[in-house]
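The values are calculated or read from the model by the stated rules, or taken from the named source; none is laboratory data. Keep in mind that this is a model prediction, so the values were computed, not measured. Cβ placement follows ideal geometry from the backbone for every residue including glycine, while neighbour counts extend to all protein chains displayed. What goes into the accessible areas is simple: the full protein's heavy atoms, side chains included, and nothing from ligands, DNA or RNA. Shrake-Rupley method; radii C 1.70, N 1.55, O 1.52, S 1.80 Å.
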Amino acid sequence: MAASPVRSASGTWAVISDLVADTVAQSSALSRDEAVQAMSAAEALGRMLIAAGHLQQHPIILVAGKVHCEITTVSGTAALTLEENLNPVPGAAGADDFTIHLPSPAPLQEQVKAAADGHARLSDAVPPDPETKAAHSGLLIDREALRRAVTQR
């Protein structure tokens with residue numbers, strides 16, 4: 001996502017908000033409006049994170065179903081040549097829940113906590129690792145152990 005000189009912090013936040021809302025809207029169980037409300041609750045903080053350059057190193061992470069989307073910004077001359085992907089991230093169609101994890105850099109930790117406390121879909125907690133989430137979403141039955149137990153009888 002390109003920040004200044006291509007976009008203002010407000011303009012960049014609006015694009016990020018639309019990307020999050022459009023990604024969440026793929027699920028029939030989730031509401032685009034709820035994503036818009038969550039992003040609106042974090043707007044002032046988001047503009048600060050963008051303006052101070054924090055979103056260049058610390059992403060906002062949307063977790064929705066199979067989606068684990070890290071959103072960062074680029075500024076300066078790199079923003080002029082950046083090819084952005086602003087399409088909704090595929091994979092949220094089956095999601096029944098979503099969380100927007102906000103980065104919490106040292107100078108803005110209190111503001112991040114206040115924003116996260118302001119809406120149930122916002123979090124200042126460390127997001128789940130995509131690999132960890134995938135590891136826990138597997139089968140709960142050890143088929144190989146069952147096969148061995150049956151053949152030993």
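When T72, T12 are checked against the criterion of being hydroxyl-bearing (S, T, Y), modelled with pLDDT under 95 and out of contact with any Ser or Thr (no Cβ under 7 Å at 6 or more places or on another chain), a single residue qualifies: T72. Quick check on A135: is it over 14 Å from the mean Cα position of the chain (by Cα), more than 26 Å from R7 (Cβ to Cβ) and at pLDDT below 85? Spelling it out, A135 is indeed over 14 Å from the mean Cα position of the chain (by Cα), more than 26 Å from R7 (Cβ to Cβ) and at pLDDT below 85. Residues in region 37-85 that are open to solvent by 70 Å² or more (accessible area, probe 1.4 Å) and touching a residue at least 60 places away in the same chain (Cβ under 8 Å) were compared, and the one that is farthest from the chain's Cα centre (by Cα) is L80. Residues of region 8-36 being polar (S, T, N, Q) and open to solvent by 50 Å² or more (accessible area, probe 1.4 Å), which ones? Answer for region 8-36, where residues must be polar (S, T, N, Q) and open to solvent by 50 Å² or more (accessible area, probe 1.4 Å): S8, S10, Q26, S28. Examine region 37-54 for a residue that is in contact with a strand residue (DSSP E or B) (Cβ under 9 Å, 6 or more places away or on another chain), among the hydrophobic types (A, V, I, L, M, F, W, C) and more than 27 Å from D96 (Cβ to Cβ), and state whether such a residue exists. Checking region 37-54: at least one residue is in contact with a strand residue (DSSP E or B) (Cβ under 9 Å, 6 or more places away or on another chain), among the hydrophobic types (A, V, I, L, M, F, W, C) and more than 27 Å from D96 (Cβ to Cβ). Residues of region 88-113 that are outside any loop (DSSP other than H, G, I, E, B) and touching a residue at least 24 places away in the same chain (Cβ under 8 Å): F98, T99, I100, H101, P107, L108, Q111, V112.
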